[in-house]
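Okay, so here's the structure we're looking at.
The values are calculated or read from the model by the stated rules, or taken from the named source; none is laboratory data. No experiment lies behind these values; they were computed from the predicted model shown. Cβ atoms come from the backbone with ideal geometry, glycine included; neighbour counts cover every protein chain shown. Only protein heavy atoms, including side chains, enter the accessible area calculation; ligands, DNA and RNA are left aside. Shrake-Rupley method; radii C 1.70, N 1.55, O 1.52, S 1.80 Å.
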Amino acid sequence: MPILTATNLEHHFGDWKILDGISLTIEPTDRIGIVGRNGAGKTTLMRALTGELKVDQGQISIQRGARVGYLTQDHHFDKDATLYQAAESAFAELAAAHDELNRIYHDMAEAQGAALEALMKRQVEVETRMHQLGGYAVEHKIEAILHGLGFTDAQFTIPVARLSGGQKGRLALARLLLEQPDILLLDEPTNHLDIDGRLWLEEFLAHEYQGAVVMISHDRYLLDAVVTRIIEVESGRLIDYPGNYEDFRRLREERLMVQHRAYEAQQDKFKREEAFIRRYKAGQRARQAKGRETRLEREKEQNTLERPMEMAVAQFNLPKPQRSSDVVASCRGVSKSYTREDGSTKVLFHDLDVVINRGERWGIIGPNGAGKTTLVNCILGTLTPDAGTVRLGTNLSIGYYRQTHEGLKHDLPVYRYLQGVILKEAPQAAMSEQAARNLAGAFLFSGEDQDKLLGQMSGGERTRAVLAGLLASAKNLLVLDEPTNHLDIPSSERLEDVLSKGDEENPNPDAFEGTMILISHDRALLDATCDHLIVLDGEGNAEVFLGGFTLWHEKSTQRKREAERKAAEEKARREEAQRKQEEAAKKREVEKAQASRAAGSKASGSKPSASKHASAGQGKGGMSVNAIMRLRTEQLEERIEKIETRMREIDGLLNDPDVWRDHARASKLGDERAELAEQLEPLEFEWARRAEDGQ
């Protein structure tokens, strides 16, 4: 049974119909990715499903009792709360259930008859709901999710008001995941996540979260790992594809090909009919031509196929940059750190050796705040390292894409902006208006979009314009800092087409020919374009790796698993050595006690007497010596066996590493064993006495 159903949704923004009678059903275990060009209506659809947006027409039905959680781009928290408290607020419903259960217990003390039965029934309902919401074990969940999304324990007490925009975005995602709604509606959940955070989110959504997921995302690897169904928003309508994003690309290409063939066949038919009508309209077959003209007009009005929306774009040739020196940049022993607000030192990287050669594609990856942009600025010479040397090559023409676009003239249309940039940066490659429009078209600006002013564009559109100008400016060293942050998937794939050199079997003859340094969390972009990596771990260490992201991730995962295996083996060896030491110590204690008793018996010259041993009084938690002497031998042996059995059980438990993680339990077991040993000693003494007497 669907958990959510949307029927015939229609919505307008002015004269623009952004949702055109769309329908959608979501099953309880669906994993759905929503894709489409920026502005196609993805977020509008998401807001409509939550009820946040009241559509002009249509109906949305949600299964009774189902909870919908929506991750928006606007985040609201209690300004006086700490980061941890804001995350903990996800369990407000659980706290309310605790309060209600306490009230039920209070009322049950005085209730009788039917009232008591009603309270008992409600108690079961509330306890069941509490169990569904996580019961009493929520602290571990909060810490696990905050850690997974990149927060440290030291940040838990930071006031929400002091968090950056990116941190608030991650906190909003953490709170939503902790709420565990029946449907998760996620609008760009990876916007502020580094690579580790994205990998963690993939694992959580794919294997831990049990409800339905509907997700807008430009992260293709996330879509491939999580979703089993893709819905494309196109021209106000929804097109449903089974499978993940890779399946969607293949199936969409096949669909567009079929549509294109049908469209071309219909256009050919129309042209043939029009030629017949023109030829015979005034001749002897004029009547026939008139009839065919009427039928043609009716068919065009009722059955004309739409031209399929193509994702492929016009190709263009990048201007050839001048040849740089063989070595573009060289870093020897480079280190950089800074002083935190509390006076401590944060090391970003140290003793880093890197040589970047002409034509190579270098990716720089690492957690947020690890120093990626700082490293780039050290390489370019705009920031001085604390130690080490950096040398840039000769004949370099550097193009630097920053995350902020300062100095743009917002009153220019995109094609004129491109003309101006290229005239300034590469006069030899100056473009005519048509050439500039072709360049804009190659970066997905089509039709009226080419005349839109920069000030009227979205962040993603401005990003495309800046990248187009940068790539067409004949630079031989490109430095790109998070270029896909505001790009939709088609734009990101277009950027890959320009930057990727291809492989030996399928080289890309139109690719950018210079050298590239890329900072990115976009794993698909890194894999498609980079052949070298610099990996910063956020702890001051840097790794230089020959290969792309996926190869590095596989090898890194193998190293971590091997380190964990060795650590587990070492721990097992230490525990085994400790167990043997404890056993040897116990054995020595027993031998010492036996030798002491034997020496005492020999010195007295007689058999041990009850009155002699009575001075020991009563063992802790055990029997007095007189009581032990009154036991029959069978009873004595039974008590000894019972105590020894329990001591063996305790020894087994104390050999379990999980027990030692609970210090209170381990301490309690140790105390119990010591008490049993005290109880056992007089029993063994009496048993040995009887054995010597032959009793």
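If you check 239, 231, 216, 195 for being at pLDDT 90 or above, of a type in the set (A, V, I, L, M) and open to solvent by 20 Å² or more (accessible area, probe 1.4 Å), only one passes: 239. Being over 30 Å from residue 446 (Cβ atoms), among the basic types (Lys, Arg) and in a loop (DSSP other than H, G, I, E, B) is the filter; apply it to segment 315-355 and report the residue that is most open to solvent (accessible area, probe 1.4 Å). Among those residues, the one meeting the criterion is 323. When residues in segment 532-562 are screened for being part of a helix (DSSP H, G or I) and over 23 Å from the mean Cα position of the chain (by Cα), 1 of them pass.
Could you check, for segment 439-458, whether at least one of its residues is among the acidic types (Asp, Glu) and either open to solvent by 60 Å² or more (accessible area, probe 1.4 Å) or more than 38 Å from the chain's Cα centre (by Cα) (or both)? Scanning segment 439-458, I find at least one residue that is among the acidic types (Asp, Glu) and either open to solvent by 60 Å² or more (accessible area, probe 1.4 Å) or more than 38 Å from the chain's Cα centre (by Cα) (or both), so the answer is yes. Identify the residue in segment 277-309 that is farther than 30 Å from residue 256 by Cα and not in a helix (DSSP H, G or I) and, among all such residues, is least open to solvent (accessible area, probe 1.4 Å). Within segment 277-309, the match that is least open to solvent (accessible area, probe 1.4 Å) is 283. Please verify whether segment 403-425 includes one or more residues that are within 30 Å of residue 502 (Cβ to Cβ) and open to solvent by 70 Å² or more (accessible area, probe 1.4 Å). Yes, because at least one residue in segment 403-425 is within 30 Å of residue 502 (Cβ to Cβ) and open to solvent by 70 Å² or more (accessible area, probe 1.4 Å). For segment 475-487, the set of residues classified as modelled with pLDDT of 85 or more and either surrounded by fewer than 22 Cβ atoms within 10 Å (Cβ to Cβ) or among the basic types (Lys, Arg) (or both) consists of 475, 481, 482, 485, listed by residue number.
Among all positions in segment 245-261, there is no residue which is in contact with a helix residue (DSSP H, G or I) (Cβ under 8 Å, 6 or more places away or on another chain), part of a loop (DSSP other than H, G, I, E, B) and surrounded by 12 or more Cβ atoms within 10 Å (Cβ to Cβ).
Taking the criterion of being in contact (Cβ under 8 Å) with a residue 24 or more places away in the chain, assigned to a loop (DSSP other than H, G, I, E, B) and within 26 Å of the chain's Cα centre (by Cα), the residues of segment 32-66 that qualify are 36, 37, 38, 39, 40, 41, 66.
Table: residues versus (1) over 26 Å from the mean Cα position of the chain (by Cα); (2) free of Cβ contacts under 8 Å to residues at least 60 places away in the same chain; (3) within 22 Å of residue 216 (Cβ to Cβ).
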{"position": "433", "(1), (2), (3)": "yes, yes, no"}
{"position": "462", "(1), (2), (3)": "yes, yes, yes"}
{"position": "466", "(1), (2), (3)": "yes, no, no"}
{"position": "481", "(1), (2), (3)": "no, no, no"}
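Counting only residues that are part of a helix (DSSP H, G or I) and either at pLDDT 90 or above or of a type in the set (Asp, Glu) (or both), segment 443-453 holds 3 of them.
Each row is one residue, and each column tells you yes or no for (1) over 30 Å from residue 674 (Cα atoms); (2) surrounded by 20 or more Cβ atoms within 10 Å (Cβ to Cβ); (3) at pLDDT 90 or above.
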site	(1), (2), (3)
510	yes, no, no
517	yes, yes, yes
523	yes, yes, yes
540	yes, no, yes
548	yes, no, yes
551	yes, no, yes
588	no, no, no
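In the set 692, 634, 641, only one residue is at pLDDT 85 or above, of a type in the set (D, E, K, R) and loosely packed, with under 12 Cβ neighbours inside 10 Å; that residue is 641.
The residues in segment 370-394 that are of a type in the set (Lys, Arg) and more than 13 Å from residue 331 (Cβ to Cβ) can be counted, and the count is 1. Out of the residues in segment 67-88 meeting the condition of being open to solvent by 40 Å² or more (accessible area, probe 1.4 Å) and in a helix (DSSP H, G or I), tell me which one is nearest to residue 133 (Cα to Cα). Result: 88. Residue by residue through segment 1-31, note down the ones that are of a type in the set (Gly, Ala, Ser) and either surrounded by fewer than 20 Cβ atoms within 10 Å (Cβ to Cβ) or within 26 Å of the chain's Cα centre (by Cα) (or both). Hits for segment 1-31 are 14, 21, 23. Can you confirm whether segment 96-103 contains a residue that is in contact with a Lys or Arg (Cβ under 6 Å, 6 or more places away or on another chain) and in a helix (DSSP H, G or I)? There is at least one residue in segment 96-103 that is in contact with a Lys or Arg (Cβ under 6 Å, 6 or more places away or on another chain) and in a helix (DSSP H, G or I).
If I ask for residues that are over 26 Å from the mean Cα position of the chain (by Cα) and not in a loop (DSSP other than H, G, I, E, B), which ones from segment 356-378 would you list? Of everything in segment 356-378, those that are over 26 Å from the mean Cα position of the chain (by Cα) and not in a loop (DSSP other than H, G, I, E, B) turn out to be 356, 357, 377, 378.
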